[in-house]
Amino acid sequence: MGLYKRWCDATKEQKQRKHYWIYIEKDGGRDAISEALAETIRLHYDRLERIAEDVERLGYKVAAKILSEAMPQTPKGRSGDLGEILATELVEEEIGLRVPVRRLRYKDGRNMAMRGDDFIGAGYDRTGEKLWLLKGEAKSNKVLGKATVTSARKVLNRDNGRCTPDSLLFVANRLLESNDPDDNDLGRSLRDEVGVKSLRADRIDHMLFTVSGNGPHASLKEDLEATRANRDHYVVNIHVEDHQDFIATMYREAEDLGDD
């Protein structure tokens with residue numbers, strides 16, 4: 001069972017190609033996924049096998065210090081990163097597209113926000129031949145308001161709604177460096193798209209992903225209703241009442257590799 005199915009109850013509404021998804025934590029849901037989410041956070045910053053090698057060579061304490069050096073230490077940095085992590089997991093669990101590059105592994109500085117699209121989902125249509133993309137913007141706020149929603153939609157709409165070329169090229173090049181032939185094929189498709197821009201709007205979906213302490217602000221549904229139905233639009237809110245404490249606790253657990 002996936003992370004979200006164990007963690008939250010979901011309410012999903014759909015009108016044409018517009019999807020409005022609200023997730024609220026189940027009783028006991030956080031305890032059920034706490035260990036898995038801590039490991040997921042680690043995975044977004046480094047390969048688990050590399051962390052295991054550090055433990056074997058240097059012991060738990062030093063390995064934990066190495067991992068911690070890759071993670072943001074400010075509340076704002078952790079909030080932003082966890083928003084991207086949770087969005088990535090939702091795309092792969094609920095939509096079925098891959099988010100093929102864990103881009104937080106490539107940050108210039110652990111407390112710095114990365115430039116470009118927050119997350120890109122990629123795959124193929126039912127025929128397995130035509131490229132399909134999802135452009136995503138993630139926001140994590142103690143109190144979510146209209147200004148944040150408006151700003152996120154503006155980012156999704158820039159570049160005529162396409163994934164920004166630099167973001168797409170970054171993902172493509174990482175896939176082309178892989179030893180997996182399927183990764184190479186997808187990377188080639190993405191690199192070609194940077195040059196030819198052949199994808200129509202109806203094959204570039206958008207997701208506005210939010211996690212907040214105050215739950216879904218009215219502006220989320222208003223924003224979705226105002227969008228054109230020329231592509232799949234996903235507007236998502238994860239309601240975590242103790243938003244800041246949740247983030248601090250999850251990063252503390254992610255940094256704790258144990259001692260035995």
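The values are calculated or read from the model by the stated rules, or taken from the named source; none is laboratory data. Note that this is a predicted model, so its numbers are computed, not measured. Please note: Cβ atoms are built from the backbone with ideal geometry, for glycine as well, and neighbour counts cover all protein chains shown. Heavy atoms of the whole protein, side chains included, go into the accessibility calculation; ligands, DNA and RNA do not. Shrake-Rupley method; radii C 1.70, N 1.55, O 1.52, S 1.80 Å.
Quick notes on this structure:
- The condition of being of a type outside the set (Lys, Arg), in contact with a Leu (Cβ under 7 Å, 6 or more places away or on another chain) and either farther than 30 Å from residue 9 by Cα or open to solvent by 90 Å² or more (accessible area, probe 1.4 Å) (or both) holds for only one of 63, 52, that being 63.
- Matching residues in the range 163-190 - criterion: being in a loop (DSSP other than H, G, I, E, B) and touching a strand residue (DSSP E or B) at 6+ places or on another chain (Cβ under 6 Å): 163
- Tally, over the range 107-163, of residues that are basic (Lys, Arg), surrounded by 12 or more Cβ atoms within 10 Å (Cβ to Cβ) and modelled with pLDDT under 85: 2
- Residue satisfying condition, being without any contact (Cβ under 8 Å) to a residue 40 or more places away in the chain and within 21 Å of residue 139 (Cβ to Cβ), within set 77, 83, 96: 77
- Which listed residue is within 19 Å of the chain's Cα centre (by Cα), assigned to a loop (DSSP other than H, G, I, E, B) and farther than 30 Å from residue 204 by Cβ, from 42, 110, 6: 110
- Restricting 189, 167, 178, 198 to residues that are open to solvent by 20 Å² or more (accessible area, probe 1.4 Å) and either touching a residue at least 12 places away in the same chain (Cβ under 8 Å) or aromatic (Phe, Trp, Tyr) (or both) narrows the list to 189.
- Pairs, first of a type in the set (Lys, Arg) in the range 146-159, second surrounded by 12 or more Cβ atoms within 10 Å (Cβ to Cβ) and part of a helix (DSSP H, G or I), C-beta under 7 Å, six or more apart: 146/219; 153/223
- On the stretch given as the range 201-247, residues that are under 20 Å from residue 138 (Cβ atoms) and open to solvent by less than 40 Å² (accessible area, probe 1.4 Å) total 28.
- Restricting the range 62-104 to residues that are in a loop (DSSP other than H, G, I, E, B) and among the hydrophobic types (A, V, I, L, M, F, W, C), the residue that is farthest from residue 170 (Cα to Cα) is 71.
- Pairs meeting the criteria (first residue in the range 49-72 and in contact (Cβ under 8 Å) with a residue 60 or more places away in the chain, second residue acidic (Asp, Glu) and in a loop (DSSP other than H, G, I, E, B), beta carbons under 8 Å, at least 6 apart or on different chains) are 60/259; 60/260; 61/259; 64/256; 67/46.
- Unmet criterion (only one of (1) modelled with pLDDT of 95 or more; (2) buried (at least 16 other Cβ atoms within 10 Å of the Cβ); (3) among the small types (Gly, Ala, Ser)) for residue 36: (2)
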